[in-house]
Amino acid sequence: MQCYSCGNELTEKDYCTACGADVGFYKNIHYLSLKLYNEGLDRARVRDLSGAARCLRESISLNKNNIDARNLLGLVYYETGEVVAALIEWVISKNLREEKNLAGDYLAEMQKDPQRLETLGRTAKKFNLALRYAEQESYDLAVIQLKRILQLNPGFLRARQLLALLYIRSGDFDRAKHECARCLRIDSGDTVARRYMREADTESLPGIQTNRRREAQPVRYQSGNEMIIQPPSRGPGAGVWTFGAAVAGICAGIAVAWFLILPARATRIREAARGEIAAVCEESDAKSAQITDLERKISKLESTISEMEKEQESAEEVDYHSATALLEAVSAYLKTPEDLGTVSEILLGMEVDAPELKDEGAAALYDAFTDMAGEELAEKFRQAGLAAFREEDDETAVKNLLWASELKSDDPEVLFILGRAYYRSGDNGGAREAFEKLVSDFPDTKEASQAQDLLAEINNTVDQTD
Amino acid sequence: MINFDEELKKFHPSLELEQVQEVIQNRNLDDVSDILIELMGNRGQTSAAAKPGGSQRSGRRE
């Protein structure tokens, strides 16, 4: 210890041996400060934190330079959740003695985890908010806020004390006792928690009804012969609370409708719309398929019509050509009846089925002409056909023999040679038709029996080909 | 039997982080030792004024 006057080291004397200053009181104050620090330390060791804080505050009020006492006070504050108060003590301590000071280590430790520091700092703000709620009689909000604080900073002693007090107020003595017990675990010398604990114990004893409990009981009194029972008063703020609760209920109802019912209904409507869209799509697809089918049919019918028109045009053309050829043939025959060669040549230019003329006039002319010159012409065609067959000119033979058969149908030889000409030229269909007609119309002739052999041969050839 | 309102008044707002600097700057750090030294200084000046030449011995060394 140094003299406050000259800075010299003091001895056991009550005065400074260097400057003679009276240092008795000064030394006593410092000794007392140290004694209080020791007591604070002892109390802190047994977790009597409030007692320790009291001693340490007194110690530094006697000697602000008692760094150990200040540092320990900061620790005690920190332990009781008063982080800001702890920081203040450590910062001051560090300023008073920069070197060899534990406060520097504590501050460095705090700065290592700034997020933790921020969280603890937030709890102070929340505590102030909770205190305001309690002062404004918003006790439920205060309790909620305090619970949040204690989740973040479980050692926050004052927050726990306030929570216990609020529990006592609401008659929740078990919880109040629980919180008091937690307070006493943090600070065994917490007189506030002890008082609250005793209060909660007293209130929760069976058979004991305090004013707080009696508040809810109806008031009974005798008026003459009648017993008057007055319902308990709910206090001046009860109406406001009821109205507030009703508004909160309505808000909650609207919120439920908004967040639960409306989305469900919207989903139902959306699903129904989706179903309708799907049905319409299906119907549309069916109609599209139907349209495609009808279009295909129309196209087919159009092509059929086109083909038929072509056929009709072709038939008309053939008919016209045949009628013209017939007129030429008749004209040639009338001019020179003996020149059958010219007439037959004209007729050979006609189609084989020319006799089936559609024009009635042409058909009548054809009939009259065949009646008139049919036999002669048939003979002419027969001769020409046989000659051509002999010369192996099957095409000419077929043309002539067809006309011969058309004009005179009672000659089996013409049909037989016609069939053979067809067969030899490779037209098995024509050959079969001619042979079958021969077998059918002239069954008992030798040409018919030969035709049957040739028919069998044609059939064999067809089977082998298949 | 505790009185809730009275008890509630005993609770004071907690210091917030933003207040640290302000609190430190405004805190009066004078302790009892400072008061004593001041008192002793005043007494020394008084006795020096009463005794000529006495002011040479008293006074605080910086």
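Every number in this text was worked out from the coordinates using simple rules, so none of it is lab data. Since the model is a prediction, treat every value here as computed from it, not as a measurement. When we count neighbours, we look across all protein chains shown, and the Cβ atoms used for this are built from the backbone with ideal geometry, even at glycine.
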Notebook entry, point to check: How many angstrom lie between the C-alpha centres of the range A:385-428 and the range A:331-351?
Noted result: 20 Å
Margin query: Give me the one-decimal nm value for the distance between modelled label points at A:VAL256 and A:GLN115, 7 Å along each residue's Cα-to-Cβ direction.
Written below: 3.9 nm
Checklist line | Rounded FRET efficiency, nearest 0.05, which uses the C-beta distance separating A:GLU302 from A:ASN460 and R0 of 35 Å | finding: 0.20
Check: Fully extended, how many nm does the chain gain between A:TYR31 and A:ALA278 (0.36 nm per residue separation, minus their Cα-Cα distance)?
Finding: 79.4 nm
Note to self: Quick check: convex hull over the Cα atoms of the range A:119-213, volume per residue in Å³, rounded to an integer?
What the structure shows: 87 Å³
Next item on the list: Mind listing the long-range amide H neighbours of A:TYR15? Cut-off is under 5 Å, sequence gap 5 or more, other chains count too, H placed in the peptide plane at 1.01 Å from N.
Entry: A:VAL23
Next item on the list: Quick one: check the C-alpha center-to-center distance for the range A:245-265 versus the range A:74-101, whole angstrom.
Entry: 51 Å
Margin query: Can you bin every Cα-Cα distance in the range A:13-71 into 5 Å intervals starting at zero and give me the percent of pairs per bin, rounded to whole numbers?
Written below: 5, 22, 24, 16, 13, 9, 6, 4, 1
Item checked: Helix-derived mean residue ellipticity, 222 nm - over chain A, DSSP H n ≥ 4, -39500 (n - 2.57), to 500 -> -25500 deg cm²/dmol
Next item on the list: Subtract the Cα-Cα distance of B:ASP5 and B:ARG43 from 0.36 nm times their separation in residues, and report this length gain in nm to one decimal.
Entry: 8.8 nm
Notebook entry, point to check: Using alpha carbon coordinates only, what is the Rg to Rh ratio of chain A, with Rh defined as the Kirkwood radius?
Noted result: 1.81
Note to self: Could you compute Rg(Cα) / (2.2 N^0.38 Å) for the range A:375-460, with N its residue count?
What the structure shows: 0.98
Note to self: Report, to one decimal in Å, the Kirkwood hydrodynamic radius for the range A:40-180 based on all distinct Cα pairs.
What the structure shows: 16.2 Å
Margin query: Just to confirm my understanding: which cysteines in the protein assembly as shown have no other cysteine beta carbon less than 4.7 Å from their beta carbon?
Written below: A:CYS55, A:CYS180, A:CYS183, A:CYS251, A:CYS281
Check: What is the percent of Cα-Cα separations in the range A:24-112 that go past 19 Å?
Finding: 36 percent
